[in-house]
1. What are the pairs with Cβ atoms under 7 angstrom where one residue, in segment 73-90, is open to solvent by 10 Å² or more (accessible area, probe 1.4 Å) and the other, located anywhere, is assigned to a strand (DSSP E or B) and at pLDDT below 85? Sequence gap at least six, or different chains.
2. What strands (runs of 3 or more DSSP E) lie completely within segment 23-73 and have 1 or more residues being modelled with pLDDT of 85 or more and out of contact with any Cys (no Cβ under 6 Å at 6 or more places or on another chain)?
3. Are there strands (runs of 3 or more DSSP E) fully within segment 147-211 with at least 1 residues that are open to solvent by 70 Å² or more (accessible area, probe 1.4 Å) and within 28 Å of residue 132 (Cα to Cα)? List them.
4. Residues 318, 331, 322: which one is surrounded by fewer than 18 Cβ atoms within 10 Å (Cβ to Cβ), modelled with pLDDT under 90 and in a helix (DSSP H, G or I)?
5. Return yes or no: is residue 133 over 20 Å from residue 184 (Cβ atoms), of a type outside the set (S, T, N, Q) and either modelled with pLDDT under 90 or out of contact with any Leu (no Cβ under 9 Å at 6 or more places or on another chain) (or both)?
6. Taking the condition of being surrounded by 13 or more Cβ atoms within 10 Å (Cβ to Cβ) and more than 22 Å from residue 168 (Cβ to Cβ), how many residues in segment 212-249 meet it?
7. Please report, ordered by residue number, the strands (runs of 3 or more DSSP E) entirely within segment 221-278 with at least 3 residues that are within 18 Å of residue 32 (Cα to Cα).
Amino acid sequence: MNNKLLGSISFALLIILFFSKYSHAQIIMHDSRGKDVFEFYKGGSLQATLVPTQVSMQLNYNLVLGSPYYFYVEGDTARKTVGASTSLSFVGKVTGGGANKGKPYDVINGLVRPSYRAEIGLQRNLNTFYNIKLIPRGNNFTHAGGMSVYLEYQNVNFYDTLSQIIDNKRPIIYGLHGHINLFHTKSGLFAISLSGDIYKSYNQDALTPFQERTQSTYIDPNVVSVGDVFGNIGAFDRVTAYRLRASLPIFVNEWISLTPYTSMYGYIDDEPKNLTGMALNLFNGSPAELKGSIVQGFGIGVDWLRDNNEWSSANVSLYGSLNLDLLRKSLVGRLYD
C-alpha cells in the first residue's frame, strides 16, 4: 500500500468520524487484567483510551439507527428526563502488547505477532441525563445496555518441552459479550452494572512465557538475562471460557466516583478464579447532574486475585483517556443534545 492510498484511507476515516451520526463505546473503568469494570455507550463522543497494561490501537464506530429520542414527564417536552439512542456498534482492534501472550511491543519495529479483533453489536445508549430525578415513581432504575459478537485472530508460538519443537498456531477466538447498567433514578448517585462473556479460546492460564536462547543470553546460578517473550511453553488446547462481572459505581459528584467490583472467570470444567477490588475514577461526570453525562476520565484501581483458595497481593492498575469532544465540536459543532 503506497503512502498516497494510505493517506486517502486515513482521510476518509476522519471524515466518517467527524461528520457521521455515531456513538462511541467506552469502557469507563478497567481492572488489573485490562477487562471492563464499568462499560457505557454514549452518542456523539470521540476519545482515545490508554490502558498501560495493554498496548493496542482501536477504532470504534457505532452507527446510530434513526434519530436520538427523549423521554419527558407526562408529555411535557420542556421537562426532559433522559436522552437516548440505539446504535449498531463496530469495533476494530489491533493488539501488540501483552508479554504473557508472547506478543511484545517494540517502539521501533512496531507490533510483533499482533492479534486482530472485530466486533459488531446492538446498543441502547443513554446520551444525556437531563434530570433523572423527574422520572415518575415506580421506575426506580433506567437502563442502558447491549450485546455484541466478536472474532479475534492471534499469532502465538508454543514450545513442547518433550519434543523441544516450537509450533506456531494462529487460533481464531470467537465469543458473545453482553452488558447492562441500571441507574438509580431517585438519587442518580449509583448504578448496578453487569456484564458477561462466553467465548471459544485456548487455555492461556496453563501456559508459561518463554524467550529464545541466543548468543547474548546469560545464565548463572543467580540471574538470567534474556530477550523479548517469544512464545509460551505448553500445548495448544481449545477450551470454552467465560467471564462474569458485577460492579456498583457510586457517583460522589461529577468529578469523583468509587466503584467496588468483582468478577469470576475461567474455563468450563475448571475451578473459577475471582478478581475483587475497588476503582477510583476522576472527571467521570454523573447522572445526578442536570444535563449530565458519563465519560471515562482517568483513575486508579486496586484488586486481589483469588486462585485455588488463595488470595494474591494487591494489584494496582492505572487507566485513562483523552477526550476529543472539544476538538470535534470546534470543527463541526454539536450534532445533537
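The values are calculated or read from the model by the stated rules, or taken from the named source; none is laboratory data. Everything numeric in this text was worked out from a predicted model, so none of it was measured. As a convention, Cβ positions derive from the backbone with ideal geometry for all residues, glycine included, and neighbour counts pool all protein chains shown. We work out accessible area using only protein heavy atoms, side chains counted, and drop any ligands, DNA or RNA first. Shrake-Rupley method; radii C 1.70, N 1.55, O 1.52, S 1.80 Å.
1. Within 7 Å, the pairs are 88/62; 88/63; 90/61; 90/62.
2. Details: elements: 36-43, 47-50, 56-64, 69-73.
Per the criteria, 36-43, 69-73.
3. Values: elements: 156-160, 165-169, 172-184, 191-202, 208-211.
Here the list reads 191-202.
4. Numbers: 318 fails: in a helix (DSSP H, G or I); 322 fails: in a helix (DSSP H, G or I).
None of the other options fit; the residue is 331.
5. Working: over 20 Å from residue 184 (Cβ atoms): no; of a type outside the set (S, T, N, Q): yes; either modelled with pLDDT under 90 or out of contact with any Leu (no Cβ under 9 Å at 6 or more places or on another chain) (or both): yes.
In short, no.
6. Kept after step one, since they are surrounded by 13 or more Cβ atoms within 10 Å (Cβ to Cβ), are these residues of segment 212-249: 212, 226, 228-237, 239, 241-249.
So of that shortlist, the ones also more than 22 Å from residue 168 (Cβ to Cβ) come out as 242-249.
Selection size over segment 212-249: 8.
7. Working: elements: 229-233, 238-247, 256-267.
Per the criteria, 238-247, 256-267.
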